[in-house]
Amino acid sequence: MPSNDIQTQTRLAPDALGPTITIGEILVEIMANSRGNGFLEPIELMGPYPSGAPAIFIDQCARIGGAAGIIASVGNDDFGRINVGRLRADGADVSAISESEDYPTGSAFVRYREDGSRDFVFNIAKSAAAQVSLTSEAKALIARSGHLHVMGTAFAIPGAWEIIDHAIGVIKERGGSISFDPNLRKELLGQPQTRERFARLVEIADLILPSGEELFVAAGVDGEAAAIQALFARNATEIALKRGERGSSFFAADGSRIDCPAFKVVEVDPTGAGDCFGGAYVACRRLGMPANLALDYGNAAGARNVTVMGPMEGAGSRAQLDTFIATTARAIP
């Protein structure tokens, strides 16, 4: 087990430098009350719930006490207002969320099948989510930011790369840092431009937060040990590997490793678990916490979120996560 000193070291910029920011889609999620196959008959629905992977991430980041903001676009409608209101109430900087008069807020209709898999009906490409651009408000938020978190989902959003590219230059120039969650649909990696941009993020990220097979996609090699080694041969100095029901692991470039067990919970809705883990982990590390504590908060944030319906309804404050950690049994490895 590494010393507390090694655990505490991180190349992520301190929270005092400026907020963690992310770029991408904001949606509402509307969920079926019953399990079944798709939406081929009238069924009862629940929602709307604030959603979108970057929004879930940044909401949890803010909830746990990190400075946080998001660059995104919503429609001039109630679905947009419920999202912006939630993020603002939870402490996120919403100054760079633009409002479209011509497109509605993005949406996702979700229904669980009996086996736990899901059917989706999305409206993202033809919604306000796809209208995000490098506005003056976005430039102002980037100019005062200390950390950029990029999610693979952003590669599917037109205009997002221009903002990401601008933010990389500005934030690196002021001594900031970058993390990358490579949650990208495989079909998008078939596009040469997307593949090049994905590779650039892998090359420059200080922290990489993959789940499962994403580790091998990011590293370009199979096998956990080989993939970890390949990523450390680039710029990364820290990897937080999300293992779902098996907890999570921290790897450092000096060979240090920490494994953190998961919490035993009854899963109600798994959407957003990995995003909550990431938001908590990044905020904790930027606030100066050692890696083992950041993993514990990340695991708790993801586990707490899956116990309620809605993709960010279980995002917890630090006090709520402290209570969760103290009162929830650990899963047996």
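The values are calculated or read from the model by the stated rules, or taken from the named source; none is laboratory data. Keep in mind it's a predicted model, so treat the numbers as computed, not measured. Positions of Cβ are generated from backbone atoms using ideal geometry, with glycine treated the same way; all protein chains shown enter the neighbour counts. For the accessible areas, the whole protein counts, side chains as well, though only heavy atoms, and no ligand, DNA or RNA atoms are used. Shrake-Rupley method; radii C 1.70, N 1.55, O 1.52, S 1.80 Å.
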Charge dipole (the chain, unit charges on Cβ, about Cα centre) - positive-most of PHE263, ALA138, ALA92
PHE263
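So what's the net charge close to LEU295: Lys and Arg +1, Asp and Glu -1, counting the other residues with Cβ under 14 Å from its Cβ?
+3
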Rounded if a/c is under 1.5, else prolate if a/b beats b/c, else oblate: with a ≥ b ≥ c from the C-alpha gyration tensor eigenvalues square-rooted, which is the range 79-237?
oblate
How much mean residue ellipticity at 222 nm does the chain get from its helices, if each DSSP H run of length 4 or more adds -39500 (n - 2.57) and you divide by all residues, to the nearest 500 deg cm²/dmol?
-10500 deg cm²/dmol
So which residue, out of ALA143, ALA62, ALA129, gets the largest mean-square fluctuation from a GNM of the chain using Cα contacts under 10 Å as springs?
ALA143
Could you tally the net charge around LEU134, taking each other residue with its Cβ under 11 Å from the Cβ of LEU134, Lys/Arg +1 and Asp/Glu -1?
-2
Would you please classify the overall shape of the range 1-151 from the alpha carbon gyration tensor, given that a ≥ b ≥ c denote the square roots of the eigenvalues, rounded means a/c under 1.5, and beyond that prolate means a/b larger than b/c while oblate covers the rest?
oblate
Residues of type aspartates and glutamates that LYS264 reaches as a straight line, Cα spacing below 15 Å, ignoring anything fewer than 8 places off in the same chain:
GLU245, ASP296
Note, SER317: beta-carbon cut-off 12 Å, +1 each Lys/Arg, -1 each Asp/Glu, net 0
Ignoring ligands, DNA and RNA, what accessible area per residue does the chain give at 1.4 Å, in Å²?
41
Accessible-area ranking of ILE204, ILE70, largest first, probe 1.4 Å:
ILE204, ILE70
Once Lys and Arg get +1 and Asp and Glu get -1 on their Cβ, which of ILE204, THR237, PRO104 lies farthest toward the positive end of the dipole of the chain?
THR237
Can you tell which of ASN292, ASN33, ASN183 shows the greatest fluctuation in a Gaussian network model of the chain with Cα springs below 10 Å?
ASN33
Give the long-range amide H neighbours of GLY75: residues separated by 5 or more places, or on another chain, with amide H under 5 Å away, using H modelled in the peptide plane at 1.01 Å from N.
GLY80, SER100, THR105, GLY106, ALA128
Within a Gaussian network of the chain (alpha carbon springs, distance under 10 Å), most fluctuating of PHE180, PHE216, PHE39
PHE39
For LEU27, which sequence-distant residues (separation of 5 or more, or a different chain) have an amide H within less than 5 Å of its own amide H, given hydrogens modelled in the peptide plane?
SER51, GLY52
